[in-house]
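Asker: A single structure is presented below for examination.
The values are calculated or read from the model by the stated rules, or taken from the named source; none is laboratory data. Note that the coordinates shown come from a computational prediction; the quantities given were computed from them, not determined experimentally. All Cβ positions, glycine included, derive from the backbone under ideal geometry; neighbour counts span all protein chains shown.
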2 protein chains.
Amino acid sequence: MTKKTKEAAAPALPLNSILDGDCIDIMNSLPECSVDLIFADPPYNLQLKGELHRPDNSKVDAVDNDWDQFESFKRYDEFTHAWMTAARRILKPNGAMWVIGSYHNVFRMGTELQNQGFWILNDVIWRKSNPMPNFRGMRLTNAHETMIWVSKTEKSKPTFNYEALKALNEGTQMRSDWVLPICTGHERLKNEAGDKAHPTQKPESLLHRVLVGSTNPGDVVLDPFFGTGTTGAVAKMLGRDYIGIEREAEYRAVAKKRLAKIRKFDNEALEVSQSKRAEPRVPFGQVVERGMLRPGEDLWSVNGRHKAKVRADGTLIAADSKGSIHQVGAACENAPSCNGWTYWHYRRDGKKVPIDLLRQQIRSEMRAN
Amino acid sequence: MTKKTKEAAAPALPLNSILDGDCIDIMNSLPECSVDLIFADPPYNLQLKGELHRPDNSKVDAVDNDWDQFESFKRYDEFTHAWMTAARRILKPNGAMWVIGSYHNVFRMGTELQNQGFWILNDVIWRKSNPMPNFRGMRLTNAHETMIWVSKTEKSKPTFNYEALKALNEGTQMRSDWVLPICTGHERLKNEAGDKAHPTQKPESLLHRVLVGSTNPGDVVLDPFFGTGTTGAVAKMLGRDYIGIEREAEYRAVAKKRLAKIRKFDNEALEVSQSKRAEPRVPFGQVVERGMLRPGEDLWSVNGRHKAKVRADGTLIAADSKGSIHQVGAACENAPSCNGWTYWHYRRDGKKVPIDLLRQQIRSEMRAN
DNA sequence: CGTTCATTTGAATCGCCGT
DNA sequence: TACGGCGATTCAAATGAAC
């Protein structure tokens, strides 16, 4: 199905399919450490109150319902604990998870995430541009939902496409509050009666931002509460593999039909802006070795206040310091650190040119090979 | 001090004063069911490691106070349980409480509130208009804090001044996300050395909205983590009675001095929360996220001479350049700058349409609220 | 006195790699 | 695993000096 080779002899994942059943059982049947990202939109209205029994079958005091509350929360916490435990097992060591909820359940989810050792990366507010108003005027308009983005452990190195999200935000750093419209119009799936197919269908724009920001093409994205398959739809468009789990046949049918129509964007469109951190490292010594700068040549600081001389081994010597381009730059500025590549300049034709230009030349030569 | 007659023979409350000591002990010494509103801004339990420097090498003045240090989540939960229990006892049956926090602590607070039988009315997002950025580009900008607004019980009938908040919001229903600036400038209190008197002083505009919305004149407002007394200052301006509890002598001194200067019904203070409405900036990435243009789709320049392809992160790729709609437009025209919104066009029904039309659609959706 | 520009600052879980 | 070197990384708002 995919051309990717799986590590070791792990059982093959059921990629790009919708699995029928309880998500806890299904996740427990999948190989551990095999999934890159989980997006989870669990139910919060479990309607557990009808099933409640006190151990001694005594009647619940109608005046003080605290006990009732507690029992209901306890059931919900058990459910949350169970599915998060199953989810955590199948996540790769550097895997990450997003959960979404409202004030009814999100605090309990956040607490359980922390208790299990997930590491919170950000909480993100989906600020709805067109929320349902509060008709009775009894409360504030509930105009947002909360997402919690976690990595499997504190030590994990989850995918974060910083530059791509920055580009999505027209050049400024993406914030933790996202203004996006709710799912309406053509995007909102209808059943045969013409009613909405699912009560809480999420907009594709929300998943687009999540997946562009925290996955790469070819990653495996699992959604344990698949519903009508928004996660799968956006994953497919973006060239990620998806696994959906959904126990309601009606939702599975809608999702299957939806996904069959989705086409992947072409590869060029899927490339996103890369961080400089992904570029190969170039030692400054190479600049000297290649004769782009000559030993003995002077470099000037970006502000023009400091001067240093290039030595044959690729180190610099200034009035009060010697060492790497970074060390001497930091010493000149009396700063804790310094990027020597952008700090130091050389002169050509009377102009000051950053030495970073030379590094870019070397890198483009490296790419040509 | 006040003309209100207290019910029954309850001991008099220490109104409009700052109490010295641990808030749990002090609250336990106050009469039960005597306070209308509690605003609580407890330590967030930030878990900061080393120092952090900005790209310009200046050092970030972080919250490193002893009062924010906890050994473990367990210890923090014990602390939270204790102060919330004490707070609940002194609340009137129809009383309410606001707590504020970040992702470090807010989930644990929300869980404890629910466990104790508090009833969540709304969670409210304070969207900071000028947050501190993420300097290392490792995460999303942490641009918000979360407040949880609860009543003492599910049966409580807490004060909610719907019309007043609607008026504050230019005539439309107040939403659960509040855009307000952080506390800076003259409002930010300084100590004698000229440094900030408290690391986490809240803006008066935030408390103004809280107190206008959920208290009436003459109500008793208690703040167990008083700090430099923003809650007391706004309560006094608005004609509410305050009780502050603060165990740090330095903060008490600053608050006392501050409160002495406050006058009730200061019109200038009432204007604080009025926000000016500017044309919102719309990143081109939102057009892509919302599916108004699809990754891979072609755009044409206004003169028809250049073509570019849309990528998933909202950047364009043309024959010789890639980047934002503005950058690629400028490159195509070999111009220093270019307004991509009017330069680039897409095709619909054989006609060329400027992408600015899509931006106008998004803006009109945003205005609709 | 108004405009412009440089400087400062804010609740922050803020790196990766090789030795 | 602790340490040190490389080298990547910031936005909005307010202040205050300069013009």
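Asker: Residues of the range A:277-293 being among the basic types (Lys, Arg) and surrounded by 10 or more Cβ atoms within 10 Å (Cβ to Cβ), which ones? Spell out how you get there, then give the answer.
Answerer: Keep residues of the range A:277-293 that are among the basic types (Lys, Arg), which gives A:277, A:281, A:290.
Passing the criteria: only A:Arg290.
Asker: Residue by residue through the range B:133-188, note down the ones that are among the basic types (Lys, Arg) and either within 7 Å of chain A (Cβ to nearest Cβ) or near DNA strand C (Cβ under 10 Å from one of its atoms) (or both).
Answerer: The answer is B:Arg136, B:Arg139, B:Arg175, B:Arg188.
Asker: Further, regarding this structure: Under 7 Å between Cβ atoms, at least 6 apart or on separate chains: pull out the pairs that start in the range A:269-283 with a residue that is within 14 Å of chain B (Cβ to nearest Cβ) and in contact (Cβ under 8 Å) with a residue 60 or more places away in the chain and end on any residue that is assigned to a loop (DSSP other than H, G, I, E, B) and of a type outside the set (D, E, K, R).
Answerer: If the second residue must be assigned to a loop (DSSP other than H, G, I, E, B) and of a type outside the set (D, E, K, R), the pairs left are A:Val272/A:Asn161; A:Val272/B:Ala312; A:Ser273/B:Thr315.
Asker: Moving to a separate point now. If you take the residues of the range B:157-195 that are among the basic types (Lys, Arg) and away from DNA strand D (no atom under 15 Å from the Cβ), which of them is modelled with the lowest pLDDT?
Answerer: If we take residues in the range B:157-195 being among the basic types (Lys, Arg) and away from DNA strand D (no atom under 15 Å from the Cβ), then B:Lys166 is modelled with the lowest pLDDT.
Asker: Any residue that is at pLDDT 95 or above, within 16 Å of DNA strand C (Cβ to nearest atom), under 24 Å from B:Met138 (Cα atoms) and aromatic (Phe, Trp, Tyr) - is there at least one of those in the range A:276-286?
Answerer: The answer is no; no qualifying residue exists.
Asker: Also, I was wondering about something else. Name, by its number, the condition in (1) surrounded by fewer than 24 Cβ atoms within 10 Å (Cβ to Cβ); (2) modelled with pLDDT of 95 or more that does not hold for A:Thr230.
Answerer: Condition not satisfied by A:Thr230: (1).
Asker: Please specify each residue of the range B:341-357 satisfying the condition of being touching a strand residue (DSSP E or B) at 6+ places or on another chain (Cβ under 8 Å) and free of Cβ contacts under 8 Å to residues at least 60 places away in the same chain. Steps first, answer last, please.
Answerer: Initially, the range B:341-357 is screened for residues touching a strand residue (DSSP E or B) at 6+ places or on another chain (Cβ under 8 Å), giving B:341-347, B:352-355.
Within the range B:341-357, B:Trp341, B:Thr342, B:Tyr343, B:Trp344, B:His345, B:Tyr346, B:Arg347, B:Lys352, B:Val353, B:Pro354 qualify.
Asker: Would you pick out the residues in the range A:222-268 that are within 9 Å of another protein chain (Cβ to nearest Cβ) and either farther than 30 Å from A:Arg363 by Cβ or touching a strand residue (DSSP E or B) at 6+ places or on another chain (Cβ under 8 Å) (or both)?
Answerer: Once the filter is applied, which keeps residues that are within 9 Å of another protein chain (Cβ to nearest Cβ) and either farther than 30 Å from A:Arg363 by Cβ or touching a strand residue (DSSP E or B) at 6+ places or on another chain (Cβ under 8 Å) (or both), the range A:222-268 yields A:Met237, A:Glu268.
Asker: Now for a different question. State the number of residues belonging to the range A:198-242 that are of a type in the set (Phe, Trp, Tyr) and in contact with a Cys (Cβ under 8 Å, 6 or more places away or on another chain).
Answerer: 1
Asker: Is it the case that A:Asp123 is in contact with a His (Cβ under 7 Å, 6 or more places away or on another chain), crowded, with 19+ Cβ neighbours inside 10 Å and assigned by the TED database to the domain that holds A:Asp22? Reasoning before the result, please.
Answerer: Working: in contact with a His (Cβ under 7 Å, 6 or more places away or on another chain): no; crowded, with 19+ Cβ neighbours inside 10 Å: yes; assigned by the TED database to the domain that holds A:Asp22: yes.
Against the criterion (in contact with a His (Cβ under 7 Å, 6 or more places away or on another chain), crowded, with 19+ Cβ neighbours inside 10 Å and assigned by the TED database to the domain that holds A:Asp22), A:Asp123 does not qualify.
Asker: Out of (1) in contact with a helix residue (DSSP H, G or I) (Cβ under 8 Å, 6 or more places away or on another chain); (2) outside any loop (DSSP other than H, G, I, E, B); (3) among the β-branched types (Val, Ile, Thr), what's the single condition that is false for A:Val282?
Answerer: (2)
Asker: Only one of these is within 14 Å of another protein chain (Cβ to nearest Cβ) and surrounded by 14 or more Cβ atoms within 10 Å (Cβ to Cβ): A:Ala318, A:Ala331. Name it.
Answerer: On inspection, the qualifying residue turns out to be A:Ala331.
Asker: Within the group A:Phe107, A:Phe118, which residue is modelled with pLDDT of 95 or more, more than 16 Å from DNA strand D (Cβ to nearest atom), buried (at least 22 other Cβ atoms within 10 Å of the Cβ) and more than 9 Å from chain B (Cβ to nearest Cβ)?
Answerer: Working: A:Phe107 fails: more than 9 Å from chain B (Cβ to nearest Cβ).
After applying the criteria, what remains is A:Phe118.
Asker: Which condition number does A:Val221 fail, the rest of (1) part of a loop (DSSP other than H, G, I, E, B); (2) under 19 Å from A:Arg247 (Cα atoms) being met?
Answerer: Status for A:Val221: all satisfied but (1).
Asker: Could you give me the residue pairs with C-beta distances under 8 Å whose first residue belongs to the range B:47-71 and is near DNA strand C (Cβ under 8 Å from one of its atoms), whose second residue is of a type in the set (Phe, Trp, Tyr) wherever it lies, and which are 6+ apart or on separate chains?
Answerer: Final answer for the pair search is B:Leu52/B:Phe135; B:Arg54/B:Phe135; B:Val60/B:Phe135; B:Val63/B:Tyr44; B:Asp68/B:Tyr44.
Asker: Still on this model: Within the range B:189-218, which residues are among the basic types (Lys, Arg) and either within 11 Å of DNA strand C (Cβ to nearest atom) or assigned to a loop (DSSP other than H, G, I, E, B) (or both)?
Answerer: Scanning the range B:189-218 gives B:Lys190, B:Lys196, B:Lys202.
Asker: Determine if the range A:248-268 includes at least one residue that is within 30 Å of A:Asn339 (Cα to Cα) and touching a residue at least 40 places away in the same chain (Cβ under 8 Å).
Answerer: Scanning the range A:248-268, I find no residue that is within 30 Å of A:Asn339 (Cα to Cα) and touching a residue at least 40 places away in the same chain (Cβ under 8 Å), so the answer is no.
Asker: Any residue at all in the range B:162-171 that is of a type outside the set (Gly, Ala, Ser), assigned to a loop (DSSP other than H, G, I, E, B) and surrounded by fewer than 17 Cβ atoms within 10 Å (Cβ to Cβ)?
Answerer: yes
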